[in-house]
Amino acid sequence: MTRATAGSLVRELIDLGLATETGSRGATGPGRPGVMIELDGSNVLTIGIEIHIEYLRILVRDLAGRETLQRKVALGAAASDEVIVAVAQEINEEVAAAQDARRNVIGAAIAVPGVVDVVDGTVVFAPNLGWENVPLLARLRRLVAPGLELVVDNEANLGTLAEFYECPFAGAGSMAYIFAETGIGVGVMVNRTLWRGASGGAGELGHMPIVLEGGKSCECGRTGCWETLVGIVELVNAVLPDDAERLLADPAMDREALTNVLREAAEADQPEVRVRLNEFGRWVGIGVSHILDSLDPEIVMPAGHLSLIGPWILDATRASARDHTMHRIFDRCQIVTSTSGFASSGRGGALLIAQSVFNNPVWSAKRRFCLVPVTPHFTG
């Protein structure tokens, strides 16, 4: 395109508040010096909300990826209707706060630990929440400010997007992202595309059977699932058996707080704790071996509590995965822990909403985005 056309397009982006000039660059040839441009979007906000058993996590980012807010809101033993109202209230509060600051919230993505129909936003089955066929998106649309882009997706899928685009291994052709909290969900990236499966249930590998006889009961209704061996409750019972009942009954101890207690125990480097963590890492590795043999990814990335205790279980996990995987497959894969803590699903949700702006950066006369429904290119 001509210089005039490029200048006109850039000027439009600057007028929309999506780009800014950062100064001149010296000329390296004939003509005037170039002007450096960078993404701005500081007045454009996106929201990611994670629904957990005990709490909501709300994360707000601007269009350049800068985090402007992160907080948790306690839920207690709330029914699905109460949770939906709480989610809507958080979205509306962030919209109002943004307007007071002369900013604009363009939408929110809600991460759910379960199978989600991303077309209509129905939570098909979330066993740890006790939800089945909950029309989350439809109910939210009736409760939040009109004109917002809203998305409902599986928490591991959104966490995978965050890691795929922002982690040290960003852009890997294939990745299995293991989000561990109460349960286990796996986001699967194949050929740089998020793989959802025919019904949206791809990645529910926390419910693959590991112990075929005498296994523990799982919230999904079966026994011996992988998450009954490597979920946070099992980790607490395994590492701190004398304190487990007290810790798990403490309402102030959400899953993130429990993991911090476990990390402190691991840092104390007591021999019996080290042995228990190695055994736990072995069970993690057995599940990873099934992922490797089934999907043959370049990267396997344990996240959630598996990442925070990663330094103490990763050797055992790798050894166990190597022992139970075809060697050629294992040798070509890297098993690395996430560095995103527990908030990657919220970041992935905010990133997903931001993509709607990149696909359609149109600003109305009222300083609102004219959103056209789009399917971001990386959602599969």
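The values are calculated or read from the model by the stated rules, or taken from the named source; none is laboratory data. Quick caveat, the model's predicted, so the values are computed rather than measured. Heads up, the Cβs are rebuilt from the backbone with ideal geometry, glycines too, and the neighbour counts pull from every protein chain shown. Just so you know, the surface numbers come from the protein's heavy atoms only, side chains and all, with ligands and any DNA or RNA stripped out. Shrake-Rupley method; radii C 1.70, N 1.55, O 1.52, S 1.80 Å.
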Residues of the stretch 191-237 being assigned to a helix (DSSP H, G or I) and either at pLDDT below 90 or not hydroxyl-bearing (Ser, Thr, Tyr) (or both), in sequence order, are 205, 206, 207, 227, 229, 230, 232, 233, 234, 235, 236, 237
Picked from the stretch 203-234 (must be more than 26 Å from the chain's Cα centre (by Cα) and of a type in the set (Ser, Thr, Tyr)), the residue least open to solvent (accessible area, probe 1.4 Å) is 223
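Please count how many residues of the stretch 125-141 are open to solvent by 50 Å² or more (accessible area, probe 1.4 Å), not acidic (Asp, Glu) and not in a loop (DSSP other than H, G, I, E, B).
Taking the stretch 125-141 first, the residues open to solvent by 50 Å² or more (accessible area, probe 1.4 Å) are 125, 130, 132-133, 139, 141.
When the remaining residues are screened for being not acidic (Asp, Glu), the result is 125, 130, 133, 139, 141.
Filter once more, keeping what is not in a loop (DSSP other than H, G, I, E, B): 125, 133, 139, 141.
Qualifying residue count for the region: 4.
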Residue 103 meets each of (1) of a type outside the set (Gly, Ala, Ser); (2) more than 26 Å from residue 177 (Cα to Cα); (3) surrounded by fewer than 18 Cβ atoms within 10 Å (Cβ to Cβ) with one exception, condition (3)
Apart from one, (1) open to solvent by 10 Å² or more (accessible area, probe 1.4 Å); (2) over 15 Å from residue 252 (Cα atoms); (3) in a strand (DSSP E or B) all hold for residue 48; the odd one out is (1)
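Restricting the search to the stretch 276-306, which residues are open to solvent by less than 10 Å² (accessible area, probe 1.4 Å) and assigned to a helix (DSSP H, G or I)?
277, 280, 281, 284, 285, 287, 288, 289, 291, 292, 305, 306
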* **Verdict on residue 77 being crowded, with 18+ Cβ neighbours inside 10 Å, within 23 Å of residue 256 (Cβ to Cβ) and not basic (Lys, Arg)** => no
